[in-house]
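> Below is the structure I would like to discuss, written out as structure tokens.
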Amino acid sequence: MRRALFHYDLPPELIASEPARPRDGARLIVLEADGSLDHRQVRELDELLPAGSLVVVNDTRVVPARLLGHKRATGGRVEILLLRKVFGADGAERWRALGRASKGLKPGAEIVFADAAGTPAIVATIAAPLAEDGRGGAPASSPEDGLLEVDLRAIEGSVEAAIDRVGHVPLPPYMRRPDEPSDRVRYQTVFARSPGAVAAPTAGLHLSEALIARLEARGVTVASITLHVGLGTFQPVTAEDLDDHPMHAEWYDVSEAAAAAVERARARGAPVVAVGTTVVRALESAADPERPGLVVASAGETRLLIQPGYAFRIVDQLVTNFHLPESTLLALVSAFAGRERVIAAYRAAVEGRYRFFSYGDAMLLRARAPSAGGPA
């Protein structure tokens with residue numbers, strides 16, 4: 001499907017750089033099955049979701065993956081963004097990362113990362129630049145900003161603890177501000193458990209402990225899956241047709257408990273409500289081919305690209321933030337509720353001065369659009 005079909009005009013001042021306070025205080029557009037809109041608050045979700053629903057959240061935890069340091073040999077400034085741990089043993093870990101330095105990063109170069117007091121905490125050694133396909137070779141973009149593998153060694157304690165001590169929250173670039181201490185709490189969901197994400201599952205940022213308690217009091221079951229959000233979530237679509245877009249891979253885990261929760265919801269005729277597009281990708285990737293509407297407990301990488309024409313198998317309702325124009329996430333939402341209805345809702349959100357993207361407001365999509373075909 002053509003990328004241009006997912007365009008909308010967004011005034012830059014509507015891009016949220018700060019979260020709503022309190023967590024569940026964001027605004028919420030409810031898009032009904034007939035295309036009508038209702039303007040509510042996230043804190044009202046317990047009134048909007050049917051009693052007995054299954055709400056599925058993503059329990060990934062954002063790693064403070066942005067490391068700022070200097071080259072041991074020259075003192076030159078270096079920025080490393082950790083993407084995914086490759087392996088770890090005996091106080092050392094190898095990570096896939098993006099690296100940026102004024103004069104490039106060559107294999108064997110050592111970088112020192114210090115804590116706020118200036119005490120060195122991590123020494124990193126550049127193992128090798130990587131090609132676009134992730135194998136060794138020329139850097140992915142340029143010597144100044146390329147895909148690398150780095151070996152991290154903590155000077156004291158574990159690498160994980162050292163990263164937590166010296167790392168910065170990797171806020172999306174469109175926020176155009178450095179991270180602050182408060183982001184360590186607010187760019188994390190209240191149910192974050194499994195470290196591995198470099199971006200938050202942003203729809204989940206709206207759920208407070210009080211709201212979850214009210215949902216459960218109405219008989220709503222809350223289950224969790226894990227999908228580690230990768231940097232590819234911000235990768236712009238440059239191909240004119242989404243079919244030509246190289247979809248990024250993200251690691252997911254749908255547990256036996258989550259699969260059983262879906263089965264129980266089906267048995268009682270309750271809707272499965274995904275909190276965020278990451279939950280949609282995980283559940284739809286784990287769909288049981290033999291038992292319609294159910295999932296198989298499984299883990300692995302997914303490259304699932306969902307666009308209009310996709311036949312949803314698991315998710316019945318969706319809570320999601322507003323997404324970038326011409327993005328794969330907007331294509332997913334359009335597949336779920338109908339492209340024309342979604343774009344119309346986005347235009348209404350712009351007119352209503354809703355706040356957009358990671359720290360912005362949200363939508364509740366109550367019903368799926370009629371499928372125009374099989375899985376994408």
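> Just report the Cα centroid separation between the stretch 105-120 and the stretch 194-248, whole Å.
Between the Cα centres of the stretch 105-120 and the stretch 194-248 lies a distance of 32 Å.
> Reachable aspartates and glutamates from Lys103, Cα under 13 Å, same-chain residues fewer than 8 places away excluded?
The reachable aspartates and glutamates, counting only those whose Cα sits under 13 Å from Lys103, are Glu79, Glu144, Asp145.
> What nm distance separates the two modelled labels at Ser102 and Leu68, each placed 7 Å from Cα along Cα→Cβ?
1.5
> Which of the peptides 105-111, 225-231 is most tightly packed, and how do the rest follow, going by the mean number of other Cβ atoms within 10 Å of each residue? Kindly include the intermediate steps, with their values, before the conclusion.
Values: 105-111: 17.3, 225-231: 23.7.
Ranked from most to least packed, the peptides come out as 225-231, 105-111.
> So if I average 1/r over every pair of distinct C-alpha atoms in the chain and take the inverse, what Kirkwood radius in Å does that give? Show your work: numbers first, answer last.
Values: mean 1/r = 0.0464 Å⁻¹.
After inverting the mean inverse Cα-Cα distance, the result is 21.6 Å.
> With a cut-off of 8 Å between alpha carbons and a minimum separation of six or more residues, what is the relative contact order of the chain in percent?
23
> Roughly what angle does helix 339-351 make with the longest principal axis of the chain, taking Cα atoms, 0 to 90 degrees, to the nearest 10?
So the helix axis and the longest Cα principal axis differ by about 70 degrees.
> Please give the calculated 222 nm ellipticity per residue for the chain, where each DSSP H segment of at least 4 residues contributes -39500 (n - 2.57) and the sum is spread over every residue; nearest 500 deg cm²/dmol?
Values: 8 runs with 69 residues, N = 376.
Counting only the DSSP helices, I get -5000 deg cm²/dmol.
> What angle do you read, to the nearest 10 degrees and between 0 and 90, between the alpha-carbon axis of helix 256-267 and the longest principal axis of the chain?
Result, in degrees: 10.
> How far, in degrees from 0 to 90, does helix 328-337 lean away from the longest principal axis of the Cα atoms of the chain, to the nearest 10?
10
Quick note: the coordinates plus some simple rules give every number you see, no bench work behind them. Quick caveat, the model's predicted, so the values are computed rather than measured. Heads up, the Cβs are rebuilt from the backbone with ideal geometry, glycines too, and the neighbour counts pull from every protein chain shown.
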